[in-house]
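Notes follow the structure.
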Amino acid sequence: MKNLLHTKKHNIIDEELSEELKKLAGFRNVLVHIYYDIDLNRVYEVLISGRKNIEKFLKIILDLMEKYKL
């Protein structure tokens, strides 16, 4: 989560993507800590809807890596 805040602070990602990724991180915490009471249909919905945001974030990071030859 800390790294996510840095990417927003340095304008690597926009506010909208930052908020969506925070939601995914929060859902990850639910999965880890309340795994015994998880609705698998909800997990599927979150994964499907979150996929676009994850792909967008990865593209941004990969583009930066290419730009700076990392």
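The values are calculated or read from the model by the stated rules, or taken from the named source; none is laboratory data. What you are looking at is a predicted structure, and each value in this text was computed from that prediction instead of being measured. A quick note on method: Cβ atoms are made from the backbone with ideal geometry, for glycine too, and the neighbour counts reach across all protein chains shown. Ligands, DNA and RNA are stripped out before the accessible areas are found, and what is left, the full protein with its side chains, is counted by its heavy atoms. Shrake-Rupley method; radii C 1.70, N 1.55, O 1.52, S 1.80 Å.
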Listed residues I54, I38, I34; which is open to solvent by less than 90 Å² (accessible area, probe 1.4 Å) and modelled with pLDDT of 90 or more?
-> I54
Would a scan of segment 5-18 turn up a residue that is at positive phi, out of contact with any Cys (no Cβ under 7 Å at 6 or more places or on another chain) and open to solvent by 100 Å² or more (accessible area, probe 1.4 Å)?
-> yes
Output for segment 12-47, where each listed residue is assigned to a loop (DSSP other than H, G, I, E, B), charged (D, E, K, R) and under 25 Å from L62 (Cβ atoms) | D14
Close pairs from segment 50-70: first on the phi < 0 side of the Ramachandran plot, partner part of a helix (DSSP H, G or I) and open to solvent by 90 Å² or more (accessible area, probe 1.4 Å), Cβ under 8 Å, at least 6 apart = G50/K23
